[in-house]
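Enquirer: Right, I'll just put the structure down here and ask away after.
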Amino acid sequence: MLLGAAGGAKAQSGKILCSVTENGAPARGTVAVTQNGKELGAGSCGTSLPVPAGKCKVTVRLDGTLDNPSQTVDAEVKPGQTLPVNVDFKTGVLEVRIESKAQSGTGLVTVNRGATRIGTLGSGVAARLSAGIYQVVVRLGGQERRYEVELRPGQRRIVRAQF
């Protein structure tokens, strides 16, 4: 009993070890830990992150996606222990191909989710996105085409915008 109390007094911090998967397969991500709105630490998933013991919020982000998804979990770090935080992101791949016989030039593809602009793509450029429903707006030479695209986990969708 005495040894347990002495060991606990020395270890006033613990560690968080996050792991990220994408559709169940290993992926790369980053982690940020906050307590009462103050950042305690940040780093890459797969590496132990030392943080003070106590309750905290752990935010994990998936690398390499257009929409930069994150998941936040409430956690409690115990002194001297490593808390595993495992997060799985559901994603798919979206590619938009602009096809035109009458016009040449560079088209612009805008990807929106609801009222939020997620980003832009060039024709033929594939992007990883969180599973969900997106509005794709394609512009070429003053013309515009709009598409609603549902992207499911693990799915690759190709949208052909014909002008």
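Rule-based calculations on the coordinates, nothing more; no lab input. What you see is a predicted model, and the numbers here were worked out from it, not measured in a lab. Cβ atoms come from the backbone with ideal geometry, glycine included; neighbour counts cover every protein chain shown.
Enquirer: So between SER44 and ALA25, what do we pick up on full extension, going 0.36 nm a residue minus the alpha carbon distance?
Expert: Working: separation 19, 0.36 × 19 = 6.84 nm, distance 1.71 nm.
Between SER44 and ALA25, full extension yields an extra 5.1 nm.
Enquirer: Expressed as a rounded percentage, what relative contact order does region 13-89 have, with Cα pairs under 8 Å and six or more residues apart?
Expert: Numbers: 193 pairs, mean separation 32.1, N = 77.
Relative contact order, region 13-89: 42 percent.
Enquirer: Between SER100 and ASN68, what is the label-point separation in nm under the 7 Å Cα-to-beta-carbon projection?
Expert: Using points 7 Å along Cα→Cβ, the separation is 3.0 nm.
Enquirer: Ok, one more. Pull up all non-local amide H partners of GLY119: gap of 5 or more, or a different chain, and H-to-H distance under 5 Å with H placed in the peptide plane.
Expert: VAL111
Enquirer: Here is a follow-up. Which value does Rg/Rh take for region 13-89 over its C-alpha atoms, Rh per Kirkwood?
Expert: On the way: Rg = 11.8 Å, Rh = 12.3 Å.
Value, to two decimals: 0.96.
Enquirer: Sort largest first and round to whole Å: the equivalent ellipsoid semi-axes of region 91-162, each the square root of five times a Cα gyration tensor eigenvalue.
Expert: Working: eigenvalues 89, 32, 17 Å².
Semi-axes (√(5λ), whole Å): 21, 13, 9.
Enquirer: Using a Förster radius of 25 Å, what is the FRET efficiency between ALA131 and VAL159 based on their Cβ-Cβ separation? Nearest 0.05, please. Could you put the intermediate results ahead of the total?
Expert: Working: r = 16 Å, r/R0 = 0.64.
Efficiency computed from Cβ-Cβ geometry: 0.95.
Enquirer: Go ahead and estimate [θ] at 222 nm for the chain from helices alone: -39,500 (n - 2.57) per DSSP H run with n ≥ 4, summed, over the residue count, rounded to 500. Mind dumping the intermediate values first?
Expert: On the way: 1 runs with 9 residues, N = 163.
It comes out at -1500 deg cm²/dmol, rounded to the nearest 500.
Enquirer: Which values of log₁₀ I(q)/I(0), to two decimal places, follow from the Debye formula for the chain at q = 0.12, 0.19 Å⁻¹ with a uniform point scatterer at every Cα?
Expert: Debye curve over Cα of the chain, log10 I(q)/I(0) at q = 0.12, 0.19 Å⁻¹: -0.64, -1.07.
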